[in-house]
Amino acid sequence: MNKLNPLTLPLDQNALIEASAGTGKTYTITTLYLRALLGLVDTKTTLTPKSIEQILVVTFTEAATQEIRDRVRKKLLEAQQVLLTDELTGDPNQSVLQQTTNTGDSFDSNLVQLLNTYIHRLLTSSAEIQKGNEPASKVHNEQDIKKAVLQGYHRLQNAITLIDEASIFTIHGFCHRCIKQFAFETNSSFEQTFEMDNKPILQGALYDFWRKHVVPLDGVEFGWFEQNWRNPEGLYKAIASVLGKNIDITPALDTSRYNELINDYQSLIINLKQEWKKSDFSKLLAESDLKKTGKIYKRIGVLTEFVQSDNWFPEFEKGEEWGLWGSDSLNNASNYKAKSEPLNHPISQTIDKLAEVVHQLKNGGFQSHWLRLAKDYIENRAQQIKNEQQIINPDDLLTQLLNAINATSTVENWDVVEDNNLLLHAIRTKYPLAFIDEFQDTDPVQYGIFNAIYNRSQDSETTTANMILIGDPKQAIYKFRGADIFTYIKAKQDLADSQHYTLDTNWRSHPKLVNAVNQVFKQSVEGFKQKEIPFESVLAGKSDTFKLIDNGKDANQLTFCHLLPDTQAPDKVGFKQSDAEGILAKWCASQIQQTLLSATSDDPSTYIDKQGKVLPV
């Protein structure tokens with residue numbers, strides 16, 4: 001993977017940036033943002049500046065959008081400070097200034113170099129225009145530099161003034177903006193009511209489904225349904241996570257096969273009861289040489305009671321199956337007394353067939369059939385309700401925009417295709433450069449939107465529009481909201497290796513901790529269980545002067561805590577995850593408490609800062 005340099009990364013092509021924790025992801029985004037604002041998008045001598053409305057930044061939460069907005073504003077103000085130093089020469093190689101910031105720190109060398117490059121290109125392109133495209137001098141006079149500085153300062157000031165208008169959104173905010181701005185192109189209603197909570201509508205559609213499809217059930221099919229979902233709330237709990245998502249529920253039983261299994265179960269139960277009574281199979285089992293302590297013998301009464309009843313289902317204990325009385329079980333000598341002849345009876349063949357049908361229905365067949373049926377009905381009915389009431393919710397924003405931009409030439413209405421081309425062109429023109437932050441938490445629908453807009457290989461349009469994907473697959477945490485790490489992997493595969501970049505320096509953690517983590521994960525054979533997500537060792541950018549002294553010694557940078565089972569309880573072989581998390585949390589809190597309390601002891605814990613000054617904890 002290519003090491004990323006924020007000053008040279010091409011902004012005129014798509015790219016993927018993998019940024020591990022502490023490697024300066026937000027710093028990189030704001031630096032690239034500043035480059036785009038000033039027009040430093042490629043290696044050409046000319047400038048192609050973007051306005052803050054044209055630079056799209058998409059992140060995952062509202063809090064993150066505000067943080068990025070604040071960091072962009074801070075970066076622009078810092079750039080203004082550099083411009084006011086009067087030390088810029090227009091030499092792209094100059095990265096150090098004599099003056100310092102208000103806090104006494106040196107100015108960011110990347111920022112100095114970036115602004116010098118801006119001045120150089122601005123003056124060079126102006127000179128070439130004046131001289132008829134002849135090469136301009138690399139040395140700029142002081143007066144021209146001041147004019148360039150003033151021009152850059154005003155451009156930054158305009159951006160700072162309008163920063164609240166910057167195109168920094170959540171994914172839902174971006175889709176909402178597109179649908180409102182391009183209502184004609186997306187065939188959207190102008191009078192839709194935005195509702196954050198979609199659950200009431202989905203539940204209403206679920207109750208409609210229950211009344212139409214579940215209430216009429218009877219007999220065997222009702223019995224199977226009741227065993228899985230006793231009420232609408234139970235069904236909703238089972239299906240809520242897949243509603244509105246492009247998820248296929250498997251195994252996929254067609255209706256004819258499902259009906260065949262239900263009918264087979266019913267007929268086999270009827271035949272079994274008839275054969276059982278006719279042969280008095282309960283008596284045969286009781287008088288056989290079955291072990292009296294075995295489960296087959298102990299449960300004879302349960303089956304006898306079932307055969308005499310009108311029920312479709314026996315009162316099995318948890319884990320019990322029909323196979324307990326099937327051919328394999330009844331022919332197994334270990335279930336009988338020593339030297340006894342196994343019981344051989346034709347009824348076991350009927351039980352074998354019944355066990356197979358039950359296996360197919362229990363192992364996904366019944367549930368998948370009804371969940372697929374419920375999913376299709378609820379989604380369609382919910383959409384019908386929303387259309388009637390002119391309601392739209394956050395997930396609709398995504399699917400509505402994706403559907404609008406995914407129109408293809410197979411559509412019979414050619415006006416739709418033309419509108420689709422207009423929509424893509426409008427979005428690309430409005431947002432020619434996009435930074436997609438926290439991309440590891442993207443789901444297939446979200447990536448489908450950005451891929452359709454910014455993957456220029458899909459069409460012949462010459463409009464320049466690109467996306468920079470930034471994320472860390474090791475920090476994917478939103479699976480419960482539909483995020484899919486395989487979407488990240490697909491996006492990575494969609495880009496050439498030359499478009500993969502990584503930030504290789506950790507600026508947050510102590511060097512010893514960075515090295516320790518590197519050593520641990522470099523030894524891992526499986527890594528992160530996906531070859532597309534390798535572990536990339538990082539360098540340490542922080543000074544190792546920082547130290548925590550505990551009991552006169554450097555505190556460990558990385559400590560492994562291995563939980564062992566209670567030796568007094570031999571049956572306890574480990575811990576549940578929730579129990580283990582609680583124990584480790586208490587241990588961690590105890591360590592912090594001890595460190596803080598030691599500050600008042602005779603040998604207190606101390607902290608050494610980067611200047612080597614010893615401070616109490």
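The values are calculated or read from the model by the stated rules, or taken from the named source; none is laboratory data. Nothing here was measured: the structure is a model prediction, and the numbers come from that model. Counting neighbours? That spans all protein chains shown, and the Cβs are built from the backbone with ideal geometry, glycine included. Heads up: the accessible areas ignore ligands, DNA and RNA and are worked out on the full protein's heavy atoms, side chains in. Shrake-Rupley method; radii C 1.70, N 1.55, O 1.52, S 1.80 Å.
Within the stretch 292-437, what whole-number % of the accessible surface is contributed by carbon and sulfur, with the 1.4 Å probe and all protein chains included in the calculation? Mind dumping the intermediate values first?
Values: 3600 of 7680 Å².
Roughly 47 percent, rounded to a whole number.
Between residue 537 and residue 310, what FRET efficiency comes out of the Förster formula 1/(1 + (r/R0)^6) with R0 = 56 Å and r the beta carbon distance, rounded to 0.05? Let's see the in-between values first.
On the way: r = 69 Å, r/R0 = 1.24.
Approximately 0.20, to the nearest 0.05.
Modelled label-to-label distance, residue 389 and residue 599, 7 Å Cα→beta-carbon offset: nm?
5.4
Order the peptides 497-506, 426-435, 349-358, 229-238 from the highest to the lowest mean number of other Cβ atoms within 10 Å of their residues.
Order by mean packing, descending: 426-435, 349-358, 497-506, 229-238.
What number, rounded to the nearest 500 deg cm²/dmol, is the helix-based mean residue ellipticity at 222 nm of the chain, given -39500 (n - 2.57) per DSSP H run of at least four residues and division by all its residues?
Values: 21 runs with 288 residues, N = 617.
Helices in the chain give a 222 nm mean residue ellipticity of -15000 deg cm²/dmol.
Could you state the angle between the C-alpha long axis of helix 255-279 and the longest principal axis of the C-alpha atoms of the chain, as a value from 0 to 90 degrees rounded to the nearest 10?
Helix 255-279 sits at roughly 30 degrees to that axis.
What do you get for the angle between helix 366-389 and the principal long axis of the chain? Use alpha-carbon atoms, 0 to 90 degrees, nearest ten.
50
For a Förster distance of 22 Å, can you work out the FRET efficiency between the beta-carbons of residue 505 and residue 71, rounded to the nearest 0.05?
Details: r = 19 Å, r/R0 = 0.84.
Efficiency for this residue pair is about 0.75.
Can you pull out the trypsin sites (Lys or Arg not before Pro) in the stretch 254-300 that DSSP calls coil and that have at most 14 other Cβ atoms within 10 Å?
Details: sites: 257, 273, 277, 278, 283, 291, 292, 295, 298, 299; in loops: 291, 292, 299.
Sparse-neighbourhood loop trypsin sites (Lys or Arg not before Pro): 292.
In percent, what relative contact order does the chain have, based on Cα pairs under 8 Å that are 6 or more apart in sequence?
Numbers: 788 pairs, mean separation 121.0, N = 617.
About 20 percent, as a whole number.
Given the Cα atoms of the chain, and with Rh set as the inverse mean 1/r over their pairs in the Kirkwood sense, what is Rg to Rh to two decimals? Present the calculation step by step, with values, prior to reporting the outcome.
On the way: Rg = 34.2 Å, Rh = 30.9 Å.
Result: Rg/Rh = 1.11.
Mind checking the full-extension length gain between residue 144 and residue 379? Use 0.36 nm per residue of separation minus the Cα-Cα distance, one decimal, nm.
Values: separation 235, 0.36 × 235 = 84.60 nm, distance 6.35 nm.
Result for the pair: 78.2 nm of gain on full extension.
Where the only charges are on Cβ atoms (+1 Lys, Arg; -1 Asp, Glu), what is the dipole of the chain about its Cα centre, to the nearest 20 debye?
Working: 64 positive and 79 negative charges, 224 e Å.
For this selection, approximately 1080 debye.
In the stretch 147-171, which residues have a backbone nitrogen under 17 Å from the label point lying 7 Å from residue 102's Cα in the Cα-to-Cβ direction?
157, 160-161
Give me a comma-separated list of calculated 3J(HN,Hα) values for the stretch 225-240, in order, Karplus coefficients 6.51, -1.76, 1.60 applied at θ = phi - 60°, integers in Hz, x for any Gly or Pro.
5, 5, 5, 9, 9, 7, 7, x, 5, x, 5, 5, 4, 6, 10, 4
Given points 7 Å out from each Cα along the Cα-Cβ axis, report the residue 489 to residue 606 separation in nanometres with one decimal.
5.2
I need the peptides 517-523, 588-594, 398-404 ranked by packing, meaning the mean over residues of other C-beta atoms within 10 angstrom, with the highest value on top.
Numbers: 517-523: 13.1, 588-594: 11.0, 398-404: 19.9.
Going by the mean number of other Cβ atoms within 10 Å, highest first, we get 398-404, 517-523, 588-594.
Run through the DSSP bridge list for the chain and note the antiparallel percent, rounded to the nearest 5.
Numbers: 10 of 34 bridges.
Bridges in the chain are about 30 percent antiparallel.
Taking the solvent-accessible surface of protein heavy atoms with a 1.4 Å probe, what is the per residue accessible area of the chain in Å²? If you can, show how the numbers build up before the last one.
Values: 34100 Å² over 617 residues.
Value returned for the chain: 55 Å² of accessible area per residue.
Between residue 295 and residue 560, what is the FRET efficiency for a Förster distance of 56 Å, r being their Cβ-Cβ separation, to the nearest 0.05?
Approximately 0.80, to the nearest 0.05.
To test your reading of the geometry: what angle, between 0 and 90 degrees and rounded to tens, separates the Cα axis of helix 444-454 from the longest principal axis of the chain?
30
Percent relative contact order of the stretch 1-112, based on C-alpha pairs within less than 8 angstrom and at least six residues apart?
Here the relative contact order equals 19 percent.
Using label points projected 7 Å from each Cα along Cα→Cβ, tell me how many nm separate residue 524 and residue 334, to one decimal.
4.0
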